[in-house]
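The values are calculated or read from the model by the stated rules, or taken from the named source; none is laboratory data. Here the structure is a predicted model, which is why all the values come from computation and not from measurement. Backbone-built Cβ (ideal geometry, glycine too); neighbour counts: all protein chains shown. Heads up: the accessible areas ignore ligands, DNA and RNA and are worked out on the full protein's heavy atoms, side chains in. Shrake-Rupley method; radii C 1.70, N 1.55, O 1.52, S 1.80 Å.
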Amino acid sequence: MGVIMQAWVTMVVTLATLTVAPVDAKIYERCELAMKLEKAGLNGFKGYSIEDWLCMAHYESGFDTSFVDHNPDGSSEYGIFQLNSAWWCNNGVTPTQNLCHMECRDLLNRHILDDILCARQVASSKNGMTAWDSWTRHCSGHYLSEWLKGCNMHAKSDSKKINS
């Protein structure tokens with residue numbers, strides 16, 4: 001009985017370790033993320049402002065790089081921009097188009113350049129930022145200048161409403 005119990009405990013501990021959030025995860029501060037997004041060239045990309053990106057990421061993940069959400073269709077969404085495994089990345093579980101040519105787990109760490117590059121691809125698709133339901137619901141057509149309030153940004157975004 002002792003050996004079986006020990007094997008069971010080992011298996012439980014191993015599974016628990018695998019389900020823990022990545023050690024290299026990060027929840028970004030709003031202004032810190034704004035500067036990263038600006039540095040990555042997202043200000044004005046496809047007509048969207050830094051405020052659009054901040055608003056969307058806030059409602060998608062709370063700026064948490066390790067956030068994973070599971071959908072009723074079996075796909076999952078990963079990382080700070082909640083990129084879907086059916087379309088943008090490969091989670092090794094569900095069928096995927098893998099349009100960003102990456103593993104979904106690579107979207108779960110603090111290094112978000114790969115997330116940004118994939119999100120740019122999403123924004124470049126025919127749907128633009130309407131690909132994110134949260135952007136459509138909470139950000140599109142709204143006055144978004146509050147998202148940069150208090151951020152020490154050199155180039156303030158154009159605060160006009162893009163989709164009003």
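In nm, to one decimal, how far is the T130 label point from the H70 one, both placed 7 Å along Cα→Cβ?
Distance between label points: 3.1 nm.
How much net charge surrounds N91 when only other residues with a Cβ under 14 Å from its Cβ are counted (Lys, Arg +1; Asp, Glu -1)?
-4
Where the eigenvalues come from the Cα gyration tensor of the range 21-164, what are the semi-axes √(5λ) of the equivalent ellipsoid, largest first, in whole Å?
Its equivalent ellipsoid spans semi-axes of 25, 17, 13 Å.
So what's the net charge close to N127: Lys and Arg +1, Asp and Glu -1, counting the other residues with Cβ under 13 Å from its Cβ?
Taking every other residue near N127 into account, the sum is +1.
Quick one: pull the percent of accessible area on the range 21-164 belonging to carbon and sulfur, 1.4 Å probe, ligands and nucleic acids left out.
50
Peptides 43-56, 78-91: what's the order by average Cβ count within 10 Å, highest mean first?
Packing proxy ranking, top to bottom: 78-91, 43-56.
Within a Cβ distance under 12 Å of S61, other residues only, what is the Lys/Arg minus Asp/Glu net charge?
-4
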